[in-house]
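Report on the following structure.
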Amino acid sequence: MTDLSPITALGDAAPRQTSFGALTIQENAGLGLASLYLRKGQTAPAPFGMRLPEVSGAVQAGDYGAFWTGPGQWMIELPNRAEADVAALVLAEATEASVSEQTHGFVAFEITSKAGADPLEALLSKLIDIDTAALGPGRVVRTGLEHMTVFVIRRAEDRLAVLGMRSFAGALWHALETTCQRLESKT
Amino acid sequence: MLIPHPLLGPRNAQEFTYLGDAQLLRRPDPQAPDAEAAFCDYVFQRSNPAGVHQELWFHEQGDRSWLVVTRNTVTHEILGAELACDVAKREGAQ
C-alpha cells in the first residue's frame, strides 16, 4: 500500500508555531470549516444549538463556532475536526440551507498575546486597514492583508485567528511572522 | 478613498472592485416589442458623466456584496452607498 504522510498547509509534518515577545503564532491545522448559506426567504437555523451571529459577529459555543461572512451567510467552525466530513455534520444540523465543505480551502493561524490586548491591537493596526475598536472580542472582519483576502476573528481580548486561502499559507505566515518580528524589535 | 458600506461602515476602496454604471441593474423586458433596441442600449451604452454618477462596486475583500455607490466623478466625493439588492428590490416594487 502507498505510504502517504500527511502534511500541513505550510508543508510541515506538524503545525508550525513561533513566538515574538508577547505574541505567539500557531498554525491551527485541526480546524474544520463549512460554509452555510441561506436560500431565498429562509430563516436562520441554529446548528449545534448556536444562534447564528448578526453582521460581523462571531460566536463560540463549546466545541463549535460560527462567524458571519455576508448577508445570510456564515462559516461554521469545528475545532479539531479537520479530518471529519464537516459539511455532512453541518448539513445534518441545517438540512434546508446550502452547506459546502471549506476545511481544506483555508488555513488558520491563531495568534495569542501574553500581555493582554495591546500587542494584538498594535499588530492589527499594522496589518489591516480596519479600526481596531470595531474588532473587539466576538467580532470578525473579512478584509485585505498584504493584498490577500483574510478573515480576522477576535476570539477574545488576547486571542485572534487569521484565516486565509490555503494556497497562500506560506505568504500569509511570512506576513504575520515578519510583522510580529518588527513589532518585537521596536519594543 | 473610503466607501461607507451600509452594513460594515467605512471601508477602504481597495477592498472593492469597480464594475461601472449602475444602469446594469435595470435590465429591459425581453418580451417587449422594442426588446432588441432596448437590449442593444443595455449591453453597449454606458453613461460616463463628469459629475454625480451611480456605479456598481463589488466588495470582493469583504462580505462579497454588490453596492450601488453614488460618486462625483469630478471630485471623487462619495455621496452614498446602498446594497444593490435593496435598490433592485425597491425599483422592482415600483
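The values are calculated or read from the model by the stated rules, or taken from the named source; none is laboratory data. Here the structure is a predicted model, which is why all the values come from computation and not from measurement. Because the Cβ atoms are built from the backbone with ideal geometry, glycine has one as well, and the counts that use them run over all protein chains shown.
Assorted remarks:
- Any chance A:ILE128 is within 14 Å of chain B (Cβ to nearest Cβ) and touching a strand residue (DSSP E or B) at 6+ places or on another chain (Cβ under 9 Å): yes
- Members of segment B:43-53 that are surrounded by 11 or more Cβ atoms within 10 Å (Cβ to Cβ) and modelled with pLDDT of 95 or more: B:VAL52, B:HIS53
- Of the criteria (1) of a type outside the set (Gly, Ala, Ser); (2) surrounded by fewer than 15 Cβ atoms within 10 Å (Cβ to Cβ); (3) within 14 Å of chain B (Cβ to nearest Cβ), which one A:THR95 fails: (3)
- Filtered by the rule that a residue be closer than 22 Å to B:LEU7 by Cβ, under 13 Å from the mean Cα position of the chain (by Cα) and touching a residue at least 40 places away in the same chain (Cβ under 8 Å), segment A:66-97 gives A:PHE67, A:TRP68, A:THR69, A:MET75, A:ILE76, A:GLU77.
- Of all the criteria given as (1) within 14 Å of another protein chain (Cβ to nearest Cβ); (2) farther than 23 Å from B:HIS59 by Cβ, the one not satisfied by A:GLU177 is (1).
- Scanning segment B:1-47 for residues that are within 14 Å of chain A (Cβ to nearest Cβ), touching a strand residue (DSSP E or B) at 6+ places or on another chain (Cβ under 7 Å) and part of a strand (DSSP E or B) yields B:LEU2, B:ILE3, B:PRO4, B:HIS5, B:PRO10, B:ARG11, B:ASN12, B:THR17.
- Failed criterion for A:GLU157 (all others in (1) in contact with a strand residue (DSSP E or B) (Cβ under 9 Å, 6 or more places away or on another chain); (2) without any contact (Cβ under 8 Å) to a residue 60 or more places away in the chain; (3) surrounded by 15 or more Cβ atoms within 10 Å (Cβ to Cβ) hold): (3)
- Every residue from segment B:1-33 that is acidic (Asp, Glu), surrounded by 11 or more Cβ atoms within 10 Å (Cβ to Cβ) and over 14 Å from A:GLY144 (Cβ atoms): B:ASP21
- Positions within segment A:34-59 being within 14 Å of chain B (Cβ to nearest Cβ), part of a loop (DSSP other than H, G, I, E, B) and surrounded by fewer than 17 Cβ atoms within 10 Å (Cβ to Cβ), in sequence order: A:LYS40, A:GLY41, A:GLU54, A:VAL55
- The set of residues in segment A:137-154 that are away from chain B (no Cβ under 14 Å) and surrounded by fewer than 19 Cβ atoms within 10 Å (Cβ to Cβ) comprises A:PRO137, A:GLY138.
- Taking first residues from segment B:49-66 that are within 14 Å of chain A (Cβ to nearest Cβ) and partners that are assigned to a loop (DSSP other than H, G, I, E, B) and of a type in the set (Gly, Ala, Ser), the Cβ contacts under 9 Å between residues at least 6 apart in sequence or on separate chains come to B:PHE58/B:SER65; B:HIS59/B:SER65; B:ASP63/A:SER56.
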